[in-house]
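**Q** The structure's right below; bear with me while I get my questions together.
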Amino acid sequence: MGSVPQIPYYNQNIFPETENAVKDHLIIFDTTLRDGEQSPGASMTKEEKVRIARQLERMRVDVIEAGFPAASNGDFEAVKAVADCIKDSTVCGLARATEADIKRAGEALKGANSGRIHTFIATSPIHMEKKLRMSPEQVVEQAVKAVKWAHRYTGNVEFSPEDAGRSDVTFLCRVLEAVIEAGATTLNIPDTVGYTMPEQFGNLIRTLRERIPNSDKVVFSVHCHNDLGLAVANSLSAVMNGARQVECTINGLGERAGNAALEEIVMAVRTRQDFFPCDTHIDATHIVSASKLVSGITGFPVQPNKAIVGANAFAHESGIHQDGVLKHRETYEIMRAEDVGWGANKLLLGKHSGRNAFRSRLAELGIALGSEEALNTTFMRFKELADKKHDIFDEDLYALVSDETMTLQEQYKLLSLTAHSETGETPHAKIVIAEGGKELQAESDGSGPVDATFRAIEKILASGADLQLYSVNNITSGTDSQGEVTVRLQKSGRIVNGHGADTDIVVASAKAYLSALNKLHSKLKQAHPQV
């Protein structure tokens, strides 16, 4: 079996020496922006992708798969925007094994400080026969061509045999040996349909490393789906058998049942350093904020009992457990809540903070507004928020910037809202919005103030869209916290998410509904179309 090569995809200079420095580096490849976005309703705008990418970079993710450039013009522009702004992480674009797809990916990644093309073709009998309608010989030939095409744009080329978990092992070895010879530097072995068992998948990785003559020239990677709830277990089994890259997503987001959850992979390896021969370079203190950011943007809430990032992940209800934790934390907690970012939101700014302090903190958070005008308007919104909410946290600033980004692009803008709700009385709302310079107003009753508000908006705009999701999350703790609302609308087979934040949840709801309508109005703003 060949040794596992170590490729420093992340800028290593920013990491201090640790006692685990002699351990192998487990590369974290985040595909939230690509595979995560394939969850119906999880489509993101370019600005939202950039916002998440910056958070992943702060977390020291090694590789960020920003999207599928050939999927749409919007996705191309989103990958390009991420490639242009991310400096420390490698930015990756996905491409089918076709020259046109790979050219599109190469063009999108031109501005990347470190770029990678990830190309794939199916290798299982059912996929080759039913989907590709290609012979095994044609698949090998196309795979080799794809890797060589990718080398025109970057030396960092990843190849995936789609549905590897159901592929014939001998044929898989043949394909992978050929693409290594063609120049692939990472081989990603996907369990595309979540079919394999942990022992079986670990054995597959070990077998491939043993049987492929030139396996020592590449990093072996895994990409596991969660159809049977085994994505993390399969990934960790692969790591124990020589895989040194794991493809995963924040909150396990992804198509069908999702992917391996980044936070679970990272903390399993870090917590059990007595067991794993490797470790990641992830700054785990940013995990919770990344989880909240992705949940807020996509509208996919995190279940309370979700490992690491669920609201109950470090809660203790049982008296026996409480007593044990009070006496000695490690009786019932195998990791510290603060190590993954719980309770780490710092008080930063207040109503007396000046423009320079505001600008400096945005810079520290990696937030670039693009123009002095955008900075001024966002600062004014910050002052307005500070009058309502005494304590301003990082999460509030992220929400402000997101809100301002949407404001600068909107066709429909909220001007004023009056909502009335009283026991025994029918809730009522009156709203005034701007559309193309004109002020339009309407009022309506509803089953509640939010329902009345949405009905009033529809009286004006008559969008005909179907409301699929209404979700509310608090951005920080406390009764004065901003509420971040997500609204998911569907029209003519197209699904969009809208977001709004405010200390008044009814106002936040109106902002979110109008945000979604703005996206329906401007189809170019959606990076990856959902049909």
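**Q** Is it the case, given these coordinates, that I308 is modelled with pLDDT under 95 and closer than 24 Å to W342 by Cα?
**A** yes
**Q** Can you list residue pairs whose Cβ atoms sit under 8 Å apart, with the first residue in the range 450-469 being farther than 16 Å from T426 by Cβ and the second being aromatic (F, W, Y)? Count only pairs 6 or more apart in sequence or on different chains.
**A** Once the first residue is farther than 16 Å from T426 by Cβ and sits in the range 450-469, its partners that are aromatic (F, W, Y) give I457/Y513; L461/Y412; L467/F454.
**Q** With the structure loaded, tell me whether P190 is assigned by TED's automatic domain parsing to the domain that holds H223, closer than 21 Å to R104 by Cα and part of a strand (DSSP E or B) or whether it fails that test. Steps first, please.
**A** On the way: assigned by TED's automatic domain parsing to the domain that holds H223: yes; closer than 21 Å to R104 by Cα: no; part of a strand (DSSP E or B): yes.
In short, no.
**Q** Filtering the range 235-260 down to residues that are of a type in the set (S, T, N, Q) and outside any strand (DSSP E or B), which residue is surrounded by the most Cβ atoms within 10 Å (Cβ to Cβ)?
**A** Taking the range 235-260 and keeping what is of a type in the set (S, T, N, Q), we get 235, 237, 241, 245, 249, 251, 259.
Applying the additional criterion that residues be outside any strand (DSSP E or B) yields 235, 237, 241, 251.
Values: S235: 29, S237: 24, N241: 21, N251: 27.
By that ranking, first place goes to S235.
**Q** What are the pairs, 6+ residues apart or on separate chains, where a residue within the range 197-225 that is touching a residue at least 60 places away in the same chain (Cβ under 8 Å) and within 13 Å of G165 (Cα to Cα) has its Cβ under 6 Å from a residue that is of a type in the set (D, E) and buried (at least 16 other Cβ atoms within 10 Å of the Cβ)?
**A** What qualifies is H223/E247.
**Q** Could you figure out which of (1) modelled with pLDDT of 80 or more; (2) surrounded by fewer than 16 Cβ atoms within 10 Å (Cβ to Cβ); (3) part of a loop (DSSP other than H, G, I, E, B) isn't true of N356?
**A** The number of the failed condition is (3).
**Q** Looking only at the range 2-37, filter to residues that are at pLDDT 70 or above and out of contact with any Leu (no Cβ under 9 Å at 6 or more places or on another chain); which one of those is farthest from I212 (Cα to Cα)? I'd like the intermediate steps shown before the answer.
**A** Within the range 2-37, the subset at pLDDT 70 or above is 22-37.
Still in the list and also out of contact with any Leu (no Cβ under 9 Å at 6 or more places or on another chain): 22-27, 29.
Numbers: V22: 27, K23: 24, D24: 21, H25: 22, L26: 21, I27: 22, F29: 23 Å.
My answer is V22.
**Q** Just one of the numbered conditions (1) under 23 Å from L293 (Cβ atoms); (2) at pLDDT 90 or above; (3) crowded, with 24+ Cβ neighbours inside 10 Å is not true of R58; which one?
**A** Against the list (1) under 23 Å from L293 (Cβ atoms); (2) at pLDDT 90 or above; (3) crowded, with 24+ Cβ neighbours inside 10 Å, R58 comes up short only on (3).
**Q** Another question about this same structure. Confirm whether T377 is at pLDDT 80 or above, touching a helix residue (DSSP H, G or I) at 6+ places or on another chain (Cβ under 9 Å), part of a helix (DSSP H, G or I) and surrounded by fewer than 16 Cβ atoms within 10 Å (Cβ to Cβ). Explain how you work it out, then say what you get.
**A** Working: at pLDDT 80 or above: yes; touching a helix residue (DSSP H, G or I) at 6+ places or on another chain (Cβ under 9 Å): yes; part of a helix (DSSP H, G or I): yes; surrounded by fewer than 16 Cβ atoms within 10 Å (Cβ to Cβ): yes.
Judged against the criteria, T377 is a match.
**Q** Taking the residues in the range 158-193 that are of a type in the set (V, I, T) and over 18 Å from C248 (Cα atoms) as candidates, determine which candidate is surrounded by the most Cβ atoms within 10 Å (Cβ to Cβ).
**A** Taking the range 158-193 first, the residues of a type in the set (V, I, T) are 169-170, 175, 179-180, 185-186, 189, 192-193.
From what's left, over 18 Å from C248 (Cα atoms): 169-170, 175, 179-180, 185.
Working: V169: 13, T170: 8, V175: 23, V179: 25, I180: 20, T185: 20.
Per the criteria, the residue is V179.
**Q** Can you go through D88, D84, D75 and tell me which one is surrounded by 20 or more Cβ atoms within 10 Å (Cβ to Cβ) and among the acidic types (D, E)? Full working, then the answer.
**A** On the way: D88 fails: surrounded by 20 or more Cβ atoms within 10 Å (Cβ to Cβ); D84 fails: surrounded by 20 or more Cβ atoms within 10 Å (Cβ to Cβ).
Selected residue: D75, the only one of D88, D84, D75 that is surrounded by 20 or more Cβ atoms within 10 Å (Cβ to Cβ) and among the acidic types (D, E).
**Q** Next up: Six or more apart or on different chains, Cβ under 6 Å: which pairs go from a residue in the range 118-129 that's more than 28 Å from R152 (Cβ to Cβ) to one that's acidic (D, E)? Could you list them?
**A** Pairs that qualify, where the first residue is more than 28 Å from R152 (Cβ to Cβ) and the partner is acidic (D, E), are S124/D163.
**Q** Going through the range 62-112 one residue at a time, which ones are acidic (D, E) and not in a helix (DSSP H, G or I)? Working first, answer last.
**A** Initially, the range 62-112 is screened for residues acidic (D, E), giving 62, 65, 75, 77, 84, 88, 99, 101, 107.
Listed by number, the residues that qualify are D62, E65, D88.
**Q** Name, by its number, the condition in (1) farther than 19 Å from V157 by Cα; (2) buried (at least 16 other Cβ atoms within 10 Å of the Cβ); (3) aliphatic (A, V, I, L, M) that does not hold for M197.
**A** It fails just one condition, (2).
**Q** Still on this model: Would it be correct to say that A290 is modelled with pLDDT of 85 or more, closer than 19 Å to L400 by Cα and under 21 Å from the mean Cα position of the chain (by Cα)?
**A** Yes, satisfied.
The values are calculated or read from the model by the stated rules, or taken from the named source; none is laboratory data. As the structure is a computational prediction, the values presented were derived from the model and not from experiment. All Cβ positions, glycine included, derive from the backbone under ideal geometry; neighbour counts span all protein chains shown.
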